Amino acid sequence: MKLAKINHINFSLKEKIMWACTVIALLIIFSVSLYFSYLTYSAMVVRGETFVSERSDALKQKISSTLDAKFALLSYITSLPEIYEMDSKKQQEYLCNKLNSLGFKYMFIVRNDYSTTFVNDTVDEDYLDEELLKYSIANYKYISDPYNDESDDPITILTVSIYDKFGQKTGALCGALSLSKLYSEMNEMFKSGISAAISQNGEYVLYEDVSTVLSQANALNTYSDSPEAVQFISKGLATPKTVSGHIKYHDNVYFVGMSDLNYCHWKIIYIMEDDVIMRGVWNIFIIQSIAIVMMILTFILIFSHQYTAIKTKNMAYTDPLTGIGNAQKCHEMLNYFNDLNDTIMLICFDLNKFKEINDTLGHQMGDDALKSFARCLMHSFGTEGYVGRIGGDEFIALLSGDVRPKYDKSINLLNEEIEKVNSAEGIPYKLSVSYGTSVRLLDNDAYKPINAMYYEADKNMYELKKLYHDSIR
């Protein structure tokens with residue numbers, strides 16, 4: 001009854017001003033409280049993300065220095081006449097006496113004809129695949145993906161080219177490095193947190209559970225029940241930069257840092273529980289929440305509006321620079337095409353000399369080059385399928401159905417569009433692009449997941465990019 005009466009009271013101007021001031025004061029208190037809560041929380045999140053980034057970088061430096069030392073050791077050995085004269089007996093005698101002190105599980109030498117000489121007679125040569133031997137000869141330095149010689153101890157093969165005294169390449173010296181020992185060295189750096197490393201396609205390389213590495217388990221599959229975790233891993237795999245995040249997985253929240261190991265683009269990961277950094281913040285939040293709770297109803301519309309704005313923002317899939325699909329949309333479309341019951345093709349693009357455009361002409365010209373290429377992509381592959389910018393100067397296209405004619409038509413159109421840009425007046429740069437493809441046929445019994453297709457297309461693109469750089473030297 002009293003409330004009903006109050007509701008019908010006609011306030012004087014003075015009373016209205018007083019009530020208005022009261023409401024404004026409550027709004028100010030509420031806003032300030034929220035603002036400082038946000039600042040406190042954001043500062044601690046930034047602190048946590050910085051902390052895990054620094055630790056993942058430190059782990060990367062540890063692994064990098066270990067590999068540097070091993071490569072330097074191999075390089076020194078290849079400079080010795082006992083090795084570069086390519087006398088198998090001399091090589092075995094020299095290396096056999098020093099094998100234990102060199103820190104390799106076993107060593108072998110590959111000749112240009114892909115024949116091998118093992119220092120350890122107990123090693124079964126059948127475990128070496130032809131691809132490993134070819135990469136060993138083709139590259140001056142090379143580090144393989146995790147390798148299983150059926151000893152329950154995953155290894156990686158480090159190779160360094162051997163040159164004779166006339167400077168002619170005669171083979172490669174190879175050392176098998178235990179990944180279990182490498183993980184132990186990395187894990188000893190920090191007593192808290194979880195350390196790991198994954199390959200460029202997400203497979204575990206270094207992990208406390210050796211069986212996970214041996215089985216070639218993929219981190220994207222391990223955390224497939226958490227879109228937030230999958231999105232973070234995909235983001236880390238797509239960039240050479242160190243990334244960090246504050247991620248919820250099941251009922252726990254973690255700070256995660258991911259750094260790129262330049263040798264082979266392994267991703268070094270460090271994970272730490274949220275509570276280590278945020279423990280003191282929650283007490284502050286509890287006290288502030290008691291003061292705020294009585295004003296929640298007054299400001300429910302503000303929260304509703306904010307929630308709608310955030311939700312709308314998160315649903316935006318357009319790259320603001322180029323106007324085509326952004327990374328989030330790319331990953332969604334990759335998943336969509338992966339589920340199609342049809343032949344699909346994935347094409348990865350990477351602009352040639354993009355860094356040179358940025359460095360010599362400025363970032364504004366670099367942005368203009370990205371926008372120009374995006375238009376070329378839209379006018380070619382965009383007429384047949386999906387195109388998007390997955391990160392930096394990297395783009396993708398996805399085709400389905402009768403992909404080969406679509407690809408041939410689109411690649412010709414793309415080259416024509418690029419030529420139009422390059423022949424236009426007033427443009428100080430020349431567009432050039434490297435690309436790689438991967439196809440999954442509908443009638444092929446061997447199912448190829450989209451992650452494997454992305455890895456294959458990306459690998460083919462970088463091989464073409466290497467040929468491009470070799471051709472202009």
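The values are calculated or read from the model by the stated rules, or taken from the named source; none is laboratory data. If you're wondering where the values come from, they're calculated on a predicted model, not measured in any experiment. Please note: Cβ atoms are built from the backbone with ideal geometry, for glycine as well, and neighbour counts cover all protein chains shown.
If you take the residues in segment 431-473 that are among the aliphatic types (A, V, I, L, M) and surrounded by fewer than 19 Cβ atoms within 10 Å (Cβ to Cβ), which one is farthest from I411 (Cα to Cα)? Don't jump to the end; show me each part of the working.
Just the residues of segment 431-473 that are among the aliphatic types (A, V, I, L, M), to begin with: 431, 433, 439, 441-442, 446, 450, 452-453, 457, 461, 464, 467, 472.
Among the residues that remain, those that are also surrounded by fewer than 19 Cβ atoms within 10 Å (Cβ to Cβ) are: 439, 441-442, 446, 452, 464, 467, 472.
On the way: V439: 15, L441: 20, L442: 22, A446: 27, A452: 23, L464: 15, L467: 19, I472: 22 Å.
Only one residue tops the list, namely A446.
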Practice item. Only one of these is under 18 Å from the mean Cα position of the chain (by Cα), touching a residue at least 60 places away in the same chain (Cβ under 8 Å) and closer than 13 Å to N352 by Cβ: Y454, Y462. Name it. Key: Y462
Review point. Mind checking which residues of segment 72-91 are in contact with an Asp or Glu (Cβ under 9 Å, 6 or more places away or on another chain) and surrounded by 18 or more Cβ atoms within 10 Å (Cβ to Cβ)?
Key: Y84, Q91
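Which residue out of T360, T322 is out of contact with any Gly (no Cβ under 7 Å at 6 or more places or on another chain) and outside the structural domain of K420 (by TED's automatic domain parsing)?
Details: T360 fails: outside the structural domain of K420 (by TED's automatic domain parsing).
So the residue among T360, T322 that is out of contact with any Gly (no Cβ under 7 Å at 6 or more places or on another chain) and outside the structural domain of K420 (by TED's automatic domain parsing) is T322.
Please work out which residue is farthest from the chain's Cα centre (by Cα), limiting yourself to segment 97-106 and to residues that are of a type outside the set (K, R) and surrounded by 14 or more Cβ atoms within 10 Å (Cβ to Cβ). Full working, then the answer.
Applying the first criterion (of a type outside the set (K, R)) to segment 97-106 yields 97, 99-104, 106.
Imposing the further condition that a residue be surrounded by 14 or more Cβ atoms within 10 Å (Cβ to Cβ) reduces the set to 99, 102-104, 106.
Numbers: L99: 35, L102: 32, G103: 30, F104: 29, Y106: 31 Å.
My answer is L99.
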Exercise for review: Name the residue, out of A69, A25, that is loosely packed, with under 12 Cβ neighbours inside 10 Å and more than 39 Å from the chain's Cα centre (by Cα).
Suggested key: A25
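Kindly state which strands (runs of 3 or more DSSP E) lie completely within segment 369-473 and contain at least 3 residues that are at pLDDT 95 or above, of a type in the set (A, V, I, L, M, F, W, C) and within 14 Å of I324 (Cβ to Cβ).
Working: elements: 386-391, 394-400, 433-440.
Correct list: 394-400.
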Check your understanding: How many of the residues making up segment 204-225 are surrounded by fewer than 21 Cβ atoms within 10 Å (Cβ to Cβ) and either under 17 Å from the mean Cα position of the chain (by Cα) or among the basic types (K, R) (or both)?
Key -> 7
Check your understanding: Is at least one residue of segment 153-172 in the same structural domain as L102 (by TED's automatic domain parsing), touching a strand residue (DSSP E or B) at 6+ places or on another chain (Cβ under 9 Å), acidic (D, E) and assigned to a loop (DSSP other than H, G, I, E, B)?
Key -> yes
Check your understanding: Looking only at residues in segment 376-423 that are more than 18 Å from Q328 (Cα to Cα) and hydroxyl-bearing (S, T, Y), which one is surrounded by the fewest Cβ atoms within 10 Å (Cβ to Cβ)?
Key -> S423
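Filtering segment 1-43 down to residues that are aromatic (F, W, Y) and part of a helix (DSSP H, G or I), which residue is modelled with the lowest pLDDT?
Step one: filter segment 1-43 for residues aromatic (F, W, Y), giving 11, 19, 30, 35-36, 38, 41.
Adding the requirement that they be part of a helix (DSSP H, G or I) leaves 19, 30, 35-36, 38, 41.
On the way: W19: 63, F30: 72, Y35: 79, F36: 77, Y38: 78, Y41: 78.
Ranking the candidates gives W19 first.
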**Study point:** Of the criteria (1) part of a helix (DSSP H, G or I); (2) over 19 Å from the mean Cα position of the chain (by Cα); (3) not small (G, A, S), which one K329 fails
**Key:** (2)
**Study point:** Complete set of residues in segment 334-373 that are over 19 Å from the mean Cα position of the chain (by Cα) and hydrophobic (A, V, I, L, M, F, W, C)
**Key:** F337, L340, I344, M345, F354, I357, L361, M365, A369, L370, F373
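Pull up segment 182-208, narrow it to residues that are in contact with a strand residue (DSSP E or B) (Cβ under 8 Å, 6 or more places away or on another chain) and charged (D, E, K, R), then point me to the one that is modelled with the highest pLDDT.
Residues of segment 182-208 that are in contact with a strand residue (DSSP E or B) (Cβ under 8 Å, 6 or more places away or on another chain), as a first pass: 182-183, 186-187, 189-190, 192-208.
Okay, now just the ones that are also charged (D, E, K, R), so 203, 208.
Numbers: E203: 91, E208: 88.
Looking at the filtered set, the residue picked out is E203.
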Exercise for review: Can you work out which of the residues in segment 44-59 that are modelled with pLDDT under 90 and among the aliphatic types (A, V, I, L, M) is nearest to L261 (Cα to Cα)?
Suggested key: V46
Point to revise | Residue that is farthest from R47 (Cα to Cα), among those in segment 239-260 that are of a type in the set (A, V, I, L, M, F, W, C) and buried (at least 20 other Cβ atoms within 10 Å of the Cβ) | key: M258
Review point. Any chance segment 212-220 includes a residue that's polar (S, T, N, Q), assigned to a strand (DSSP E or B), closer than 30 Å to C330 by Cβ and in contact with a strand residue (DSSP E or B) (Cβ under 9 Å, 6 or more places away or on another chain)?
Key: yes
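Can you tell me which residues in segment 41-100 are more than 30 Å from F255 (Cα to Cα) and of a type in the set (D, E)? Write out each step before concluding.
Within segment 41-100, the first condition is being more than 30 Å from F255 (Cα to Cα), and the residues that meet it are 69-100.
Hits for segment 41-100 are E82, E85, D87, E93.
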Practice item. Can you confirm whether segment 222-230 contains a residue that is of a type in the set (F, W, Y), in contact with a strand residue (DSSP E or B) (Cβ under 6 Å, 6 or more places away or on another chain) and within 22 Å of D275 (Cα to Cα)? Key: no
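Matching residues to (1) under 32 Å from the mean Cα position of the chain (by Cα); (2) at pLDDT below 85; (3) closer than 16 Å to T170 by Cα:
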| residue | (1), (2), (3) |
| --- | --- |
| F108 | no, no, yes |
| Y114 | no, no, yes |
| E130 | yes, yes, no |
| Y135 | yes, no, yes |
| A138 | yes, no, yes |
| I143 | yes, no, no |
| Y147 | yes, yes, no |
Point to revise | Qualifying residues in segment 151-177 (those that are more than 15 Å from K70 (Cα to Cα) and polar (S, T, N, Q)) - the one nearest to the chain's Cα centre (by Cα) | key: S151
